[in-house]
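The values are calculated or read from the model by the stated rules, or taken from the named source; none is laboratory data. Since the model is a prediction, treat every value here as computed from it, not as a measurement. Don't worry about glycine lacking a Cβ; one is built from the backbone with ideal geometry, like all the others, and counts go over all protein chains shown. For accessibility, only protein heavy atoms count, side chains too; no ligands or nucleic acids. Shrake-Rupley method; radii C 1.70, N 1.55, O 1.52, S 1.80 Å.
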Amino acid sequence: MALQERPETCVVAVDGPSGSGKSTVSRRLAAAVEGVYLDTGAMYRAITWAVLQGGADLADPDAIAKIALETELSIGTDPSAPHFAANGVSVDEPIRGQEVTGAVSVVAAVPAVRKHLVALQQAIIAAHPRIIVEGRDIASVVAPDADLKVYLTASAAARAARRSAEDATDVAATEADLARRDKLDSSRAVDPLRQASDAIEVDTTGMGIDEVVAHLLDLLNSKVSK
C-alpha cells in the first residue's frame, strides 16, 4: 500500500530489541515514502569500533567518551545502500563482527557518548524532510515528536533465528547473546531500551517483511491524514 498523501515532512521512530526486524523494515519503509533511513545502532557500533581500535579500557567511561567525541563519523542515509565510516575508514563490515557486538552495549551506556550521538541524530533528522529512524530510544529521546512511533518486537526464538541466519551463528548462542544485550540495554541508567508510552507495539513474530511494512504504511496513513 502506498501513502495516500505523502506529507511534506515525515519522521517515523522505530524502536525495539535486536532481531525484531527493525533494520529491514525501516529501510523498506523509507524507500516506500521516498525518504531516508538512519540506523542509530550502527552509529553506536561505529563509535565502539573506534573505541576498540583506540585501545580504550571498556571499564573507563572517560576514555571511551574521549574517543567518541574525537571520532569523525560519515553516515550514509540511502535506504538502498546505507554506509558508515569512522575517521575515513569504512566500517560497514567490522561493526557487525563479534568484537563490536560484544562491546557496543557497554559503550552505548556511557552518558557522554549518548549525549553526543543523540545530538548528531537530531541534526540528521532536522536536515531531511522524510526520514525513518531506528534504534532503542528514538521515540522516547531522539524524536519524541515523531509522526509515528512504533515498537517492534518478536519472540526470543524468532529473534534469535533471524539474527543467526544473518550472521551464520549458532541459534542457542545467539539467543543467549540477545538476552545479554537486552538486559544491558534495558537496565542502563541513561536512555534505556523501553517502549514509549505513545508508541504502537507491533509483534513481528508471525509476520513477513511485506506484511509488516504494509501495516506500518497503514499506521502512517492514519496518522498523517488526521
Checklist line | Mean Cβ neighbour count within 10 Å, used as a protection proxy, ranking 131-144, 92-105 highest first | finding: 131-144, 92-105
Note to self: Taking the alpha-carbon distance from residue 22 and a cut-off under 16 Å, which lysines remain once sequence neighbours fewer than 8 residues away in the same chain are dropped?
What the structure shows: 149
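What is the diffusion coefficient of the chain in µm²/s, taking the Kirkwood radius over Cα pairs and the Stokes-Einstein relation at 10 °C with a viscosity of 1.306 mPa s? If you can, show how the numbers build up before the last one.
Values: Rh = 17.7 Å.
Answer, rounded: 90 µm²/s.
Can you compute the charge dipole magnitude of the chain about its Cα centre, using +1 on each Lys and Arg Cβ and -1 on each Asp and Glu Cβ, nothing else charged? Give it in debye, rounded to the nearest 20. Could the numbers behind the result be given before it?
Numbers: 22 positive and 32 negative charges, 54 e Å.
My answer is approximately 260 debye.
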Next item on the list: Can you pull the one-decimal nm distance between simple spin-label points at residue 53 and residue 203, each 7 Å off the Cα toward Cβ?
Entry: 4.2
Item checked: Projected-area average for segment 99-219 over all orientations - Cα convex hull basis, square nanometres -> 8.3
Item checked: FRET E, pair residue 210, residue 62, Förster distance 45 Å, beta-carbon r, rounded to 0.05 -> 0.45
Notebook entry, point to check: How much of the accessible area of segment 1-144, in percent, comes from carbon and sulfur atoms when a 1.4 Å probe is used?
Noted result: 51
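Suppose the chain between residue 96 and residue 166 were pulled fully straight at 0.36 nm per residue; how much longer would it get relative to their current alpha carbon spacing? Could you put the intermediate results ahead of the total?
Details: separation 70, 0.36 × 70 = 25.20 nm, distance 1.03 nm.
Using 0.36 nm per residue and subtracting the Cα-Cα distance, I get 24.2 nm.
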Check: Kirkwood hydrodynamic radius (Cα pairs, Å) of segment 143-211?
Finding: 13.7
Notebook entry, point to check: Bin by bin, in steps of 10 Å, what percent of the Cα pairs in segment 70-168 do you find, going until the bin that has the longest distance?
Noted result: 11, 37, 42, 10
Next item on the list: Give me the accessible area per residue for segment 1-98, probe 1.4 Å, as a whole number in Å².
Entry: 46
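Let me know the whole percent of all Cα-Cα pairs from segment 1-97 that are separated by more than 22 Å. The partial results should precede the final answer.
Values: 1848 of 4656 pairs.
Tail of P(r) above 22 Å: 40 percent of Cα pairs.
Of the listed peptides 185-193, 11-19, what is their order by residue-averaged count of other C-beta atoms within 10 Å, with the highest listed first? Intermediate values should be presented prior to the final figure.
Working: 185-193: 15.7, 11-19: 25.2.
So the peptides 185-193, 11-19, ranked by packing, come out 11-19, 185-193.
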